[in-house]
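Chemist: Below you'll find the structure I mean.
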Amino acid sequence: MSKQFAVIGNPIEQSRSPELHHAFAEKTGIALQYSKRLAPLDGFQHSVQSFFDQGGSGMNVTVPFKEQAYNISSVLTERARIAGAVNTLWMENGQLHGDNTDGQGLVYAIQALGWNLDQTDILIIGAGGATRGVIYPLVQAGAKKIVIANRTLSRAEQLIADLKDAVPGAELIACGLDQLNGQFDIVINATSASLSGDALVLPDTLQFQHAYEMAYGKPSSFLDQAKARGVAHSEGFGMLVGQAIESFSIWNGIKPELKDFL
């Protein structure tokens, strides 16, 4: 009998998780069914409970429920605890386990591009949940300094205050968007600028070798500027596939190769 998996969110129609997990299953020879579940905004916990009560094996969580998934998880992985959000759920010994695979998905995507992460200086633009979720995995992968730039400087400073003890091996620095300068190995756009259509202006005083846009499938002024500079660049589809691979691996004990699905 096929194992049952699902992705839960509101809205949910846009999710590409079913096609990814079915592709992984076909590649690895694992029998599974993966569906989309629309949860009422006030009915997330009940939806999760009913899924597992009916024999579900694992569940991915997308907006706007990642913080709620964190709150209802009985056992959290270290990276989920640091991220303050959960996108991967499973039941083990009667307890709901929660993990966050987004940051590891970004690491896989960057590595698949052939960009080195060891001893790197990284700039992340934006200080929201997406940034919080990737700092720990980036440091684990070798980043030595991460600068977080945000329009509201106090948000970046608060994020660093929250995370600095979790990544003692790395230097974390906050700055405002109007203070962008210096030289970096990789710049990551974790803002919603490409989704909202807002322009994100990178000053000439900011130098970088690689540019990664977390969003995908949308016009991006961030990537346009990287292209104009002749800098190696990528949009975020690889991160989407990478986080799905990490979830699939947690549930099924086998890790597909990211390059097979890009």
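Chemist: Figure the gain on full extension for ALA161 and GLU13 (residue separation times 0.36 nm, minus the Cα-Cα span) and round it to one decimal in nm. Walk me through the numbers on the way to the answer.
Modeler: Values: separation 148, 0.36 × 148 = 53.28 nm, distance 3.65 nm.
Length gained, ALA161 through GLU13: 49.6 nm.
Chemist: Measure nothing fancy, just the Cα-based angle from helix 237-252's long axis to the longest principal axis of the chain, in degrees from 0 to 90, nearest 10.
Modeler: On a 0 to 90 degree scale, this one is about 40.
Chemist: Provide the descending list of Cα extents for the chain along its principal axes, expressed in whole angstroms.
Modeler: 58, 36, 34
Chemist: A further question follows. Counting DSSP beta bridges in the chain, what percent are antiparallel, to the nearest 5?
Modeler: Just about 15 percent of them are antiparallel.
Chemist: What whole-number value in Å² describes the accessible area per residue of the stretch 65-168 for a 1.4 Å probe? Write out the running numbers ahead of the final one.
Modeler: Values: 4230 Å² over 104 residues.
Computed with neighbouring chains in place, this is 41 Å² per residue.
Chemist: What distance in nm separates the two pseudo spin-label positions at GLU92 and ILE72, each 7 Å out from Cα along the beta-carbon direction?
Modeler: 2.0
Chemist: Using a 1.4 Å probe on the protein heavy atoms, what percent of the accessible area of the chain belongs to carbon and sulfur?
Modeler: Here it works out to 46 percent.
Chemist: Taking only Cα atoms and a 10 Å spring cutoff, compute GNM fluctuations for the chain and point out the largest among PHE24, PHE248, PHE51.
Modeler: In this elastic network of the chain, the residue with the biggest mean-square fluctuation among PHE24, PHE248, PHE51 is PHE51.
Chemist: As an exercise, take the mean of 1/r over every pair of distinct alpha carbons in the stretch 74-137, invert it, and state the Kirkwood radius in angstroms.
Modeler: Kirkwood radius, the stretch 74-137: 12.9 Å.
Chemist: Still on this structure, please answer the following. Would you mind telling me the antiparallel percentage of the DSSP bridges in the stretch 3-99, rounded to 5?
Modeler: Here the share of antiparallel DSSP bridges comes out near 40 percent.
Chemist: Mind putting together the pair-distance distribution for the stretch 87-192? All Cα pairs, 5 Å bins, whole percent per bin, short to long.
Modeler: For the stretch 87-192, the binned pair fractions read 2, 12, 22, 23, 18, 10, 6, 4, 1, 1, 0 percent.
Chemist: Would you mind calculating the gained length between GLN179 and LYS3 on full extension (0.36 nm times residue separation, minus the Cα-Cα distance), in nm to one decimal?
Modeler: Working it through step by step, the gained length comes to 58.3 nm.
Chemist: Quick one: of LYS27/LYS218; LYS3/LYS218; LYS36/LYS66; LYS3/LYS259; LYS27/LYS259, which pairs are farther than 22 Å apart, Cα to Cα?
Modeler: Long pairs (Cα-Cα over 22 Å): LYS27/LYS218; LYS3/LYS218; LYS3/LYS259.
Chemist: Computed over the Cα atoms of the stretch 3-99, what is the convex hull's projected area averaged over all directions, in nm²?
Modeler: Averaging across all directions leaves 6.1 nm² for the Cα convex hull.
Chemist: Compute the signed sum of charges (Lys and Arg +1, Asp and Glu -1) over the other residues within less than 14 Å, Cβ to Cβ, of ALA226. Don't skip to the end; give the middle numbers.
Modeler: On the way: positive: LYS227, ARG229; negative: ASP185, ASP204, GLU213, ASP224, GLU235.
So the environment of ALA226 carries a net charge of -3.
Chemist: Over the chain, with a Gaussian network built from C-alpha contacts below 10 Å, which listed residue (VAL61, VAL201, VAL48) shows the highest mean-square fluctuation?
Modeler: Its mean-square fluctuation being the largest, the pick is VAL201.
Chemist: Rounded, prolate or oblate: pick one for the stretch 1-41, where a ≥ b ≥ c are the square roots of the eigenvalues of its C-alpha gyration tensor, a/c under 1.5 means rounded, and failing that, prolate if a/b is larger than b/c, else oblate. Can you show the working numbers first?
Modeler: Working: a/c = 4.91, a/b = 1.98, b/c = 2.48.
Taking the square roots of the gyration eigenvalues as a ≥ b ≥ c, the stretch 1-41 is oblate.
Chemist: Note down the accessible area of GLU92, probe 1.4 Å, to the nearest 10 Å².
Modeler: Rounded to the nearest 10, the figure is 80 Å².
Chemist: Using a Förster distance of 30 Å, how high is the FRET efficiency between GLN209 and VAL63, based on the Cβ-Cβ distance and rounded to 0.05?
Modeler: Efficiency for this residue pair is about 0.45.
Chemist: Return the single residue from ASP178, ASP162, ASP53 with maximal mean-square fluctuation; model: Gaussian network over the chain, springs between Cα atoms under 10 Å.
Modeler: Looking only at ASP178, ASP162, ASP53, the largest GNM fluctuation is found for ASP53.
The values are calculated or read from the model by the stated rules, or taken from the named source; none is laboratory data. Just so it is clear, the model here is predicted, and its values are computed rather than measured. Please note: Cβ atoms are built from the backbone with ideal geometry, for glycine as well, and neighbour counts cover all protein chains shown. Accessible surface is based on the protein model in full, side chains and every heavy atom, while ligands, DNA and RNA are left aside. Shrake-Rupley method; radii C 1.70, N 1.55, O 1.52, S 1.80 Å.
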